[in-house]
Amino acid sequence: MSALVRIEGLGVSFATDAGPVKAVDDVTLSVERGEVLAIVGESGSGKTVTAKTILGLLPSTATTSGAVILSNKAGTSETDVVSLSKKELRAIRGTDVAMVFQEPSTALNPVFPVGWQIIEGLQAHSKISRKEARRKAIDILGRVGIPDPEVRVDHYPHQFSGGQKQRVVIAMALVLEPGLIVADEPTTALDVTVQAEILDLLRRCRDEFGMGIVLITHNMGVVADLADRVAVMYQGNVVEQADVKTLFASPQADYTKALLAAVPYVGHGTVTAEARAANRPADWLEQAPVVEARGLQIEYPGRFGRPPFRAVDGVDFVIRPGEVLGLVGESGSGKTTIGRAIAGLTRVTGGSLQVLGHEMNGIRERRFRPSRSRIGFVFQDPASSFNPLLTIAECVAEPLVIHGRAADASDARQRVNELLEAVQLPSAYGDRFPHELSGGQRQRASLARAIALEPELLIADEPTSALDVSVQARVLELFAELQRGFGFASLFISHDLAVVDILADRIAVMYRGHLVEGGTGAEVLGAPVDPYTKRLLASLPVPDPVAQAERRAELRRIREAG
C-alpha cells in the first residue's frame with residue numbers, strides 16, 4: 001500500500017441555528033509515503049476541516065459523508081477514519097497520524113514542562129518506563145533543534161520563543177514516529193528566518209522518518225519550498241490539483257491564477273516608491289520630521305537582581321510628513337518596542353526620540369496626552385484589540401468619544417459609517433460584533449478605528465501577518481489608498497520583506513536592538529550590504545519552486561559562511 005491516506009468523496013456539513021452549512025463538498029485526495037501534499041486556499045475554503053477529518057477531530061455538530069482511508073504505520077492494514085469510535089480514534093492518533101497545530105501557544109499546556117507533555121503522549125500509547133520515556137523526549141527535542149535538550153526538557157512553554165515552541169509541537173507529533181503528519185499553518189506568524197528553519201526541519205522529518213505530510217497553508221512561498229503536490233480549495237471544493245512545478249508554471253483554474261497573482265514579490269514596490277517620491281513638494285526634505293530618533297535606547301528593568309535588558313540600542317532614523325518607513329527584522333529585534341515608544345506606550349531610557357515635536361525621553365503623560373489624537377495605531381491582532389462586548393461601530397467610535405469629538409457612539413455613527421465606507425466595509429457591518437467578521441474584515445475595521453481622528457502619524461504593527469494572500473493583497477491596497485488620501489506618515493512594522501517593499505518609501509532593518517541597514521527598497525533589498533539583511537532576504541520563500549530551490553541553496557551557503 002503506497003498511499004498513506006485516501007480521501008474519497010468527502011463531504012462535511014455543520015449544524016447551525018440557520019440550518020446545515022456545507023464546509024467540504026465531494027473532496028478526493030491522496031498522500032503517498034514520503035510525499036508532501038499542500039492544501040491551499042483562503043480562510044473558509046475547507047482546508048483545515050478536510051485535514052482534521054483525517055484525525056477525527058471534528059466537533060459533534062459535524063456530519064461527515066464519504067471515506068477517509070488511513071493506512072497504518074507499517075502499511076499492513078487500512079481503516080476508514082469516518083466510521084471509527086472515539087476509543088479507536090485515540091489508538092491511531094499519534095501512532096499512525098499526528099497533527100502539528102497552527103498556534104503552539106494554545107496547543108501546549110502552560111502549567112506543565114514540555115518534557116512532561118511529550119512523555120504523556122508516549123506513555124498513553126506504549127508500555128514504557130518513565131526513565132525511558134524521558135530519554136526519548138530528550139532525544140526528540142535534540143533532533144528538532146532545541147539547544148541543550150537535557151536542560152530544556154524541564155522548561156515550561158513560556159520559556160521558549162515562538163519558533164522553539166513550534167519545534168516542541170513538532171517533536172510531540174514525531175515522538176511516536178507516525179506514518180503521516182498533518183501540519184496546519186506551521187509557519188503562519190513566524191519570522192522568515194525561523195520559518196526557513198521550520199521548513200528545513202519538516203523536510204528533514206520527511207526524509208529521515210519516511211513519513212508523508214499534509215501541509216495546510218496560505219503562504220505560496222512555503223508551498224513552493226516544501227510541497228511535492230498541491231491541491232487548491234475554494235468554497236469547500238478542490239478546484240485544481242497538480243504537482244508543484246506544473247501548478248506554479250501553468251495554473252488552470254481562475255481562482256488559482258488569482259491566488260498566485262495576489263502574492264507579493266520583492267522588487268514590486270520600487271516603481272510605486274519612485275512615483276510617490278516624484279510627487280512630493282520640492283521643500284519636502286526641509287520640512288520638520290514627524291518622528292526623529294537619535295541614539296535611541298530602550299531598556300526593560302531586570303527582576304530579582306538581574307541586570308536590565310536593552311531592547312533598543314543606539315538607533316537613528318527619521319520619518320518625514322507623508323512618508324512610510326518600513327521596519328523589518330525577526331522577533332525580539334526591537335521593532336514593536338520602537339513602535340510602542342513612538343506611541344508613548346513604552347518609556348524611552350536613553351538618547352532622543354522626537355515625536356510630533358515632543359521629546360519622549362522623560363516626557364510626562366499629562367504633557368503628551370493632547371497629542372495622542374494625532375497618532376493612530378493598527379494592532380497585530382484585531383481580534384484581541386477589539387472589545388468583544390461592543391459592536392464594530394462602537395469600537396470604531398471609541399477614539400471619537402474619548403477625545404471629545406462625539407458625545408457617544410450613536411452621536412458618532414455618521415462619521416463611523418463614512419470610515420467603514422473608506423475601508424470598503426458596508427456600513428451595516430457596524431452593527432456586527434468582532435467575532436462575526438472574518439480576519440480581513442476585522443483588520444479593515446481596525447484601520448477605520450486608527451484613522452478615525454485623521455492622524456498625522458499611523459503606526460501599523462504586523463497588520464497582515466496572519467491573513468490569507470488574497471485578503472492581504474486587498475488590505476495592502478487599502479492601506480496604500482488610505483495613505484495617499486489622508487497623507488499621514490507611517491511606521492509600518494513587519495517581518496515580511498515583500499509586504500514592506502510594496503508599501504514603504506524607505507526600509508530600516510533591525511537586528512538584536514540595532515539598526516543594521518537602511519535605505520530605499522532598491523538599495524536594501526536589491527543590493528544588501530549587511531550579512532543579516534542578506535540572510536533575511538535569502539530566508540524569504542518565493543512562489544516559484546525552481547527559484548526557491550536556488551534560494552535554499554544560497555541560504556545554506558550563507559549559513560555555512562557564518
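The values are calculated or read from the model by the stated rules, or taken from the named source; none is laboratory data. The model shown is predicted, which means the values in this text are computed figures rather than measured ones. We place every Cβ from the backbone using ideal geometry, glycine too, and count neighbours over all the protein chains shown.
Given the structure, is Asp200 under 30 Å from Ala262 (Cα atoms), free of Cβ contacts under 8 Å to residues at least 24 places away in the same chain and not hydrophobic (A, V, I, L, M, F, W, C)?
Yes, satisfied.
Per-residue answers, yes or no, for (1) modelled with pLDDT under 90; (2) in contact with a Cys (Cβ under 7 Å, 6 or more places away or on another chain); (3) surrounded by fewer than 22 Cβ atoms within 10 Å (Cβ to Cβ); (4) not in a helix (DSSP H, G or I):
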{"position": "Ile146", "(1), (2), (3), (4)": "yes, no, yes, yes"}
{"position": "Glu150", "(1), (2), (3), (4)": "no, no, yes, no"}
{"position": "His155", "(1), (2), (3), (4)": "no, no, yes, yes"}
{"position": "Pro178", "(1), (2), (3), (4)": "yes, no, no, yes"}
{"position": "Ile198", "(1), (2), (3), (4)": "yes, no, no, no"}
{"position": "Gly221", "(1), (2), (3), (4)": "yes, no, no, no"}
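Which residues, counting only those in the range 500-528, are part of a helix (DSSP H, G or I) and under 17 Å from Thr336 (Cα atoms)?
Correct list: Val500 only.
Please go through the range 28-51 and give me each residue that is modelled with pLDDT under 90 and polar (S, T, N, Q), ordered by number.
Of everything in the range 28-51, those that are modelled with pLDDT under 90 and polar (S, T, N, Q) turn out to be Ser43, Ser45, Thr48.
Restricting the first residue to the range 235-262 and requiring it to be surrounded by 14 or more Cβ atoms within 10 Å (Cβ to Cβ) and modelled with pLDDT of 90 or more, which pairs with a second residue that is aromatic (Phe, Trp, Tyr) and part of a helix (DSSP H, G or I) meet a Cβ separation below 7 Å and a spacing of at least six or different chains?
Qualifying pairs under 7 Å: Val239/Tyr255.
Can you find a residue in the range 52-69 that is surrounded by 19 or more Cβ atoms within 10 Å (Cβ to Cβ), at pLDDT 85 or above and part of a loop (DSSP other than H, G, I, E, B)?
The answer is yes, given that some residue of the range 52-69 is surrounded by 19 or more Cβ atoms within 10 Å (Cβ to Cβ), at pLDDT 85 or above and part of a loop (DSSP other than H, G, I, E, B).
If Gln123 passes every condition in (1) touching a residue at least 24 places away in the same chain (Cβ under 8 Å); (2) over 26 Å from Glu185 (Cβ atoms); (3) polar (S, T, N, Q) but one, which one does it miss?
(1)
Look through Gly362, Gly350, Gly440, Gly404 and report the one residue that is closer than 28 Å to Ala480 by Cβ and either surrounded by 14 or more Cβ atoms within 10 Å (Cβ to Cβ) or not basic (Lys, Arg) (or both).
Residue meeting the stated conditions: Gly440.
Out of Leu536, Leu515, I need the residue that is buried (at least 21 other Cβ atoms within 10 Å of the Cβ), farther than 14 Å from Asp496 by Cα and in contact with a strand residue (DSSP E or B) (Cβ under 9 Å, 6 or more places away or on another chain). Which one?
Leu515
Would you call Lys136 in contact (Cβ under 8 Å) with a residue 60 or more places away in the chain, surrounded by 16 or more Cβ atoms within 10 Å (Cβ to Cβ) and part of a helix (DSSP H, G or I)?
When the stated conditions are applied, Lys136 does not pass them.
Tell me which strands (runs of 3 or more DSSP E) are completely within the range 316-433 and hold 3 or more residues being over 29 Å from the mean Cα position of the chain (by Cα) and in contact (Cβ under 8 Å) with a residue 12 or more places away in the chain, or say none if there are none.
Strands (runs of 3 or more DSSP E) meeting the threshold: 350-355.
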